[in-house]
1. For segment 101-117, in order, what is each residue's ³J(HN,Hα) by Karplus, 6.51 cos²θ - 1.76 cosθ + 1.60 with θ = phi - 60°, in whole Hz (x at glycine and Pro)?
2. Non-local amide H neighbours of Lys86 (under 5 Å, H modeled in plane, Pro and chain starts lacking H): which ones?
3. Quick one: which residues, 5+ away or cross-chain, put their amide H under 5 Å from the amide H of Phe67? H built at 1.01 Å from N.
4. Return the whole-Å distance between the Cα centroid of segment 1-20 and the Cα centroid of segment 57-125.
5. Net charge near Gly9: determine it from the other residues with C-beta under 12 Å of the C-beta of Gly9, scoring Lys and Arg +1 and Asp and Glu -1.
6. Select from segment 37-116 those chymotrypsin sites (Phe, Trp or Tyr not before Pro) which occupy a DSSP coil region and have at most 16 other Cβ atoms within 10 Å, ordered by residue number.
7. So with the 1.4 Å probe, I'd like the accessible area per residue for the chain, rounded to whole Å².
8. Relative contact order, percent, of segment 10-66 when contacts are C-alpha pairs under 8 Å separated by at least 6 residues?
Amino acid sequence: QVQLVESGGGLVQAGGSLRLSCVASGIRLRVNTMEWYRQAPGRQRELVAVSITGGNTNYADSVKGRFTISRDNAKNTVYLQMNSLKPEDTAVYYCYATGATNYDDPLRYRSFEVWGQGTLVTVSS
């Protein structure tokens, strides 16, 4: 019963910035990877950025130099700072996480993978 709650989407003019947040919650939660995807109208969902516990990150070529993924592990939260936004960045952005609940209880340990509900980012020309 892990939940991801996203926020920060909205309408912004080209060249502007937005910061997306995704908070994971669950019982005795340990989050391993947290990722951002996006899906634009008429396109397949694509990976935007990945954050691995310990600080490793990776980005899609289309957002390198403009987007930054970061984490607050104490809060089980991942952020996506989006700068120099372009109309082609318009999409529904989804948070995705993997990890485990009851991580310190072998009897009840469960791995998980879960998606957020998505948050719409619209960039106007």
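The values are calculated or read from the model by the stated rules, or taken from the named source; none is laboratory data. Remember, predicted model here, so these are calculated numbers, not experimental data. Glycine gets a Cβ as well: all are built from the backbone with ideal geometry, and neighbour counts include every protein chain shown. Heavy atoms of the whole protein, side chains included, go into the accessibility calculation; ligands, DNA and RNA do not. Shrake-Rupley method; radii C 1.70, N 1.55, O 1.52, S 1.80 Å.
1. 9, 6, 5, 9, 10, x, 5, 10, 4, 9, 7, 8, 9, 8, 9, x, 7
2. Hits under the 5 Å cutoff: Gly15.
3. Result for Phe67 returns Asn83.
4. Segment 1-20 and segment 57-125 have Cα centres spaced 10 Å from each other.
5. Neighbour charge sum, excluding Gly9 itself: 0.
6. Here the sparse-neighbourhood loop sites are Tyr109.
7. On a per-residue basis, 54 Å².
8. Once divided by the residue count of segment 10-66, the mean separation gives 21 percent.
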